[in-house]
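Peer 1: First the structure, then my questions, so here it is.
Bear in mind that the values in this text are calculations on the coordinates, not laboratory data. Predicted model, so just to flag it, every value in this text is computed and none were measured. Note: ideal-geometry Cβ built from the backbone for every residue, glycine included; neighbour counts use all protein chains shown.
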Amino acid sequence: MLKRTNAQGFSLIELLIVVAIIGIIAAIAIPNLLASRRAANEGSAQQSLRTMSSAETTYRSTAGNGSYGPIDSLVSQNLIDSSLGSGTKSGYKFTSGAADPAASTTEFTIGATPVTPSGITATGTRDFCINESGVLNANSTASGTVPTDCTATGFAPVGN
């Protein structure tokens, strides 16, 4: 005599409902995750510029003999790390290398721009720059080119 077993499991409809629910949750969560990543990249860029400004001031007081120096000199003096000195960090491009950010012995400008300034994979939405005044400035529109002038149109102090 054959014995019937009652097999238990999920029906196709139940599985499709679960997949649909997971899809809805992902559609809500992913844009927020990308926005959080952009905000984190911008915060990192701002702090990196403050670090570089402090390094320029230290360099001027010590190894620079009263003059600001190029980014390579800040790295060689161990005032900034080599990853920041390389010109790219946390989705932003920075003033880097032997390019001298100093306009003169008493002035410098260091800038940052997002590596990818637009689209869903944007690493940031604003350009930043800082100069010898120590005031961090932002331009609400990312250009994709590292800024060289904090007084250009569109730049305003951050936090004001």
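Peer 1: Given the options 55, 26, 122, state which has the largest fluctuation in a GNM of the chain using a 10 Å cut-off (strictly under) for Cα springs.
Peer 2: Its mean-square fluctuation being the largest, the pick is 26.
Peer 1: Another question, then. Hey, fewest Cβ within 10 Å first, where do 76, 140, 90 land in order?
Peer 2: 140, 76, 90
Peer 1: A follow-up question, please. Stokes-Einstein D for the chain at 25 °C, 0.890 mPa s, Kirkwood Rh over Cα pairs, in µm²/s?
Peer 2: The calculation lands on 135 µm²/s.
Peer 1: Then there's this: Packing-wise, with mean Cβ within 10 Å as the measure, how do 78-84, 152-158 rank, highest first? Kindly include the intermediate steps, with their values, before the conclusion.
Peer 2: On the way: 78-84: 15.4, 152-158: 13.3.
Packing proxy ranking, top to bottom: 78-84, 152-158.
Peer 1: Percent relative contact order of the stretch 46-103, based on C-alpha pairs within less than 8 angstrom and at least six residues apart?
Peer 2: 31 percent
Peer 1: Follow-up question, since we're still on this one. Would you tally the net charge around residue 142, using a Cβ to Cβ cut-off of less than 11 Å, leaving residue 142 out, and scoring K and R as +1, D and E as -1?
Peer 2: Neighbourhood net charge equals +1.
Peer 1: Name the most mobile residue of 19, 75, 146, meaning the one with the largest mean-square fluctuation, in a Gaussian network model of the chain with Cα contacts below 10 Å.
Peer 2: Judging by the Gaussian network model, the answer is 19.
Peer 1: On to the next question. Under a 10 Å cutoff between Cα atoms, tell me which one of 119, 144, 91 has the largest fluctuation in the Gaussian network model of the chain.
Peer 2: Checking each option, the largest mean-square fluctuation is seen for 119.
Peer 1: Could you state the angle between the C-alpha long axis of helix 12-61 and the longest principal axis of the C-alpha atoms of the chain, as a value from 0 to 90 degrees rounded to the nearest 10?
Peer 2: 10 degrees
Peer 1: Can you work out the FRET efficiency for the pair residue 25 and residue 135, with r the C-beta to C-beta distance and R0 = 30 Å, to the nearest 0.05? Before the final figure, lay out the partial values.
Peer 2: On the way: r = 43 Å, r/R0 = 1.42.
Efficiency for this residue pair is about 0.10.
Peer 1: Give the order of 56, 14 when sorted by the count of other beta carbons within 10 angstrom, beginning with the fewest. Walk me through the intermediate numbers first.
Peer 2: Working: 56 27, 14 10.
So the ranking, lowest neighbour count to highest, is 14, 56.
Peer 1: Here's a follow-up. At what distance in nm do the modelled label points of residue 33 and residue 158 sit from each other, each positioned 7 Å from its Cα along Cα→Cβ?
Peer 2: Label-label distance for residue 33 and residue 158, simple model: 2.6 nm.
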